[in-house]
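J.: Quick one: structure below, then a few questions.
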Amino acid sequence: MLDEIRSKIEDEIANLTHELNVELPVRIKTAMEHGDLRENAEFKSAKERQAFVEARLNHLTSRMTELSKIDPNEMPYDRVGFGSRVKIHDLGMDEEFTFTITAGDFIDLDAGQVSLASPIGQGLLGATEGEEVTIALPAGERQYKVLELSTLPQQLEEGSGG
């Protein structure tokens with residue numbers, strides 16, 4: 001999972017760096033050639049995009065730094081945390097859900113991913129298999145039971161054959 005996240009971030013960094021260093025300078029130069037910059041929507045749009053791209057690159061660079069500090073060997077082996085695959089039972093609705101706990105930028109409910117920063121991610125953080133937890137959601141409190149848990153260290157061990 002860490003390698004997948006790193007790869008997505010590296011791809012986005014490469015695309016944004018290309019846009020910042022190649023595409024945006026051309027857009028800005030072309031817009032400047034149209035004259036009066038005070039009322040030039042193309043120039044304003046390109047400069048706003050440039051500011052956004054620079055901010056996003058700074059954010060992604062800090063995410064890469066955070067990811068480099070994650071050591072699966074120091075993660076709990078039996079508790080919900082980053083990278084855990086969790087199967088839970090909603091005790092109130094009598095439904096089961098399975099998802100992976102991901103980093104804040106990588107939320108894809110259709111793919112079964114829940115952010116560690118989300119209410120569910122925070123509520124399950126540190127839970128063990130068989131444990132019941134109460135989580136405050138925008139729609140009110142919900143009770144879940146952790147049915148199955150596969151932590152990142154367990155997954156890495158399984159993947160290495162051993």
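The values are calculated or read from the model by the stated rules, or taken from the named source; none is laboratory data. Since this is a predicted model, take the numbers as computed values, not measurements. A quick note on method: Cβ atoms are made from the backbone with ideal geometry, for glycine too, and the neighbour counts reach across all protein chains shown.
J.: Evaluate the following for Q154: is it surrounded by fewer than 18 Cβ atoms within 10 Å (Cβ to Cβ), modelled with pLDDT of 90 or more and more than 21 Å from R63 (Cβ to Cβ)?
T.: Considered against the rule, which asks whether it is surrounded by fewer than 18 Cβ atoms within 10 Å (Cβ to Cβ), modelled with pLDDT of 90 or more and more than 21 Å from R63 (Cβ to Cβ), Q154 comes out as no.
J.: Are any residues in segment 131-146 surrounded by 12 or more Cβ atoms within 10 Å (Cβ to Cβ) and touching a Ser or Thr at 6+ places or on another chain (Cβ under 9 Å), and if so, which ones?
T.: R142, Q143, Y144, V146
J.: Answer with yes or no whether L67 is more than 26 Å from G83 (Cα to Cα) and touching a Lys or Arg at 6+ places or on another chain (Cβ under 8 Å).
T.: no
J.: Looking at (1) part of a loop (DSSP other than H, G, I, E, B); (2) under 30 Å from T151 (Cα atoms), find the lone condition where E12 falls short.
T.: Of everything listed in (1) part of a loop (DSSP other than H, G, I, E, B); (2) under 30 Å from T151 (Cα atoms), E12 misses just condition (1).
J.: Report yes if E48 is free of Cβ contacts under 8 Å to residues at least 12 places away in the same chain, part of a helix (DSSP H, G or I), out of contact with any Phe, Trp or Tyr (no Cβ under 8 Å at 6 or more places or on another chain) and of a type in the set (D, E, K, R), otherwise no.
T.: Taking the combined requirement at face value, the residue satisfies it.
Yes/no matrix, rows are residues, columns are (1) in contact with a strand residue (DSSP E or B) (Cβ under 8 Å, 6 or more places away or on another chain); (2) charged (D, E, K, R):
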| site | (1), (2) |
| --- | --- |
| E33 | no, yes |
| F43 | no, no |
| L60 | no, no |
| T65 | no, no |
| I70 | no, no |
| M75 | no, no |
| L91 | yes, no |
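J.: Let me ask something else about it. Return yes when E4 is free of Cβ contacts under 8 Å to residues at least 60 places away in the same chain, farther than 29 Å from S84 by Cα, out of contact with any strand residue (DSSP E or B) (no Cβ under 6 Å at 6 or more places or on another chain) and not hydrophobic (A, V, I, L, M, F, W, C) and no when it is not. Don't jump to the end; show me each part of the working.
T.: On the way: free of Cβ contacts under 8 Å to residues at least 60 places away in the same chain: yes; farther than 29 Å from S84 by Cα: no; out of contact with any strand residue (DSSP E or B) (no Cβ under 6 Å at 6 or more places or on another chain): yes; not hydrophobic (A, V, I, L, M, F, W, C): yes.
No: the conditions fail for E4.
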